[in-house]
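Asks: There's a structure below that I have some questions on.
Any read-out appearing in this document is the output of simple, stated calculations on the displayed coordinates, not a laboratory observation. Source: prediction; values computed, not measured. With ideal geometry, Cβ positions are generated from the backbone for all residues, glycine too; neighbour counts draw on all protein chains shown.
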Amino acid sequence: MSIIFDGKAFAHKKELQLKKEVDDLRSRGIVLRVKTFTFKEDAGSMLYTRLKKEAAARIGIMYEPVEYSLHDDIEQIAEAIKTASEEKGITGVMVQKPAKAVFNQESIVNRNFEDWWSTLTAAIDSNKDVDCLTKENLERIYNLSPLSKGRIQEELVDGGEYVIPATVRACLAILEEAKRVLSISNEEWKKKKTLVIGRSDIVGKPLAALLKQRCATVENWGRKELEKSIKKFSIFNFQFSKNIHKRDHFLTTDFDIIISAVGKPNLITGTRVKEGAIVIDVGAPKGDVERESVESTASFLTPVPGGVGPMTVICLMESIVEIGKNFL
């Protein structure tokens, strides 16, 4: 049976510590104030924004949502983001990314989703980018700059002098907890083979890049490739073709750690998990893991809800505090 990670309890402990840090900053004249831009058509994003605002209030952070419609003029929104970034009293800026499916359903005229998103994130000052949305901050992760490399090798969670996307930070913290409760040594950990499913800039790609500093083998599979693989091979021969992956075939059961972030319910089943594997479910809103079957196979599992979700919220608060310290 798996150890089921309690994200709510773990996040609560972090929240208590963060409140002390925020109180200390306030006593030294630093008031943390974050402006976040949201889109009303995406119910999921609006829910996460509410949860983040509530957590921020408990800790003592001013978290100010600014609501727009996906149909609003993109240049006007970008200018508002730029203005917020330049405001001295604001210590952090972020944009709550809407689901691509919601964007497409709204049929935004003459707008490609990726271009639309890039226009918004480009307006954020990278020094106030609390969720690592800007190209500059993401590239520092992808390029594994010397500034970050040493610290990542020393500590799985510590991002050094740069920000990490909140969900990525949550996954790293959960992995560190799994390592602790399963009594895995540093040497054993370095030998772990890790699979990250999903290639978004919010989770999959930066998470895989950071884990490559920590684990011997890290594979990052995209959703489309994964779905092609599922159709091509039976459930008992779940692998990539050599044409897709220029190397020997891999099975999901080859991996010691599986982190899935594609939003496809029941994608990860017990037959696709190695006995004793660590499984982290980042899928939303229902999760990617078939809990009942995986629970009897994995050694450590995050549930949905109550796993990565609450950790993502508190890890964003951690990043807000860390960036706020730069204003001392």
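Asks: Run the simple label-point estimate for residue 127 and residue 28 please: 7 Å along Cα→C-beta, distance reported in nm.
Replies: Going from the residue 127 label point to the residue 28 one covers 1.7 nm.
Asks: Given a Förster radius of 25 Å and the C-beta distance between residue 43 and residue 114 as r, what FRET efficiency does 1/(1 + (r/R0)^6) yield to the nearest 0.05?
Replies: 0.70
Asks: What FRET efficiency comes out for residue 296 versus residue 180 if R0 is 22 angstrom and r is the Cβ-Cβ distance? Round to the nearest 0.05.
Replies: 0.45
Asks: Now a separate question. Rounded to the nearest 20 debye, what is the charge dipole size of the stretch 256-328 about its Cα centre when +1 sits on each Lys and Arg Cβ and -1 on each Asp and Glu Cβ? Can you show the working numbers first?
Replies: On the way: 6 positive and 9 negative charges, 33 e Å.
Dipole size: approximately 160 debye.
Asks: Under a plain spin-label model, where a point goes 7 Å from the Cα along Cα-to-Cβ, how far apart in nm are residue 17 and residue 187?
Replies: 2.8 nm
Asks: Further question: Among 31, 273, 22, 163, rank each residue by its count of other Cβ atoms within 10 Å, from fewest to most, as a rough exposure measure. Mind dumping the intermediate values first?
Replies: Numbers: 31 14, 273 26, 22 22, 163 29.
The fewest-first ordering by Cβ neighbours comes to 31, 22, 273, 163.
Asks: Here is a follow-up. FRET efficiency for residue 102 and residue 217, Cβ-Cβ distance as r, R0 = 35 Å, nearest 0.05?
Replies: Efficiency computed from Cβ-Cβ geometry: 0.50.
Asks: Another question, then. Report the longest stretch of the chain that contains none of the GluC sites (Glu not before Pro) sitting in a DSSP loop with at most 14 other Cβ atoms within 10 Å. Provide the component values of the computation, followed by the final result.
Replies: Working: sites that count: 87, 155, 161, 275.
With GluC sites (Glu not before Pro) excluded where exposed in loops, the chain gives 162-274 as its longest stretch.
Asks: Looking at (i) 76, 44, 44; (ii) 56, 47, 37; (iii) 64, 49, 41, which value of Cα extents along the principal axes in Å comes from a calculation on the structure shown?
Replies: Here Cα extents along the principal axes in Å agrees with entry (ii).
Asks: I want the local charge near residue 270. Using Cβ-Cβ distances under 13 Å, sum +1 for each Lys or Arg and -1 for each Asp or Glu among the other residues.
Replies: It works out to a net charge of -1.
Asks: Still on this model: What list do you get for 164, 30 if you sort them by fewest beta carbons within 10 Å? Walk me through the numbers before you get to the answer.
Replies: Working: 164 27, 30 17.
Ranking 164, 30 by Cβ neighbours within 10 Å, fewest first, gives 30, 164.
Asks: Still on this structure, I have one more. Within the stretch 33-97, list the trypsin sites (Lys or Arg not before Pro) lying in a DSSP loop whose Cβ has at most 15 other Cβ atoms in a 10 Å radius.
Replies: Passing both the DSSP loop test and the Cβ count: 40, 88.
Asks: So between residue 72 and residue 254, what do we pick up on full extension, going 0.36 nm a residue minus the alpha carbon distance?
Replies: So the extension gain works out to 60.8 nm.
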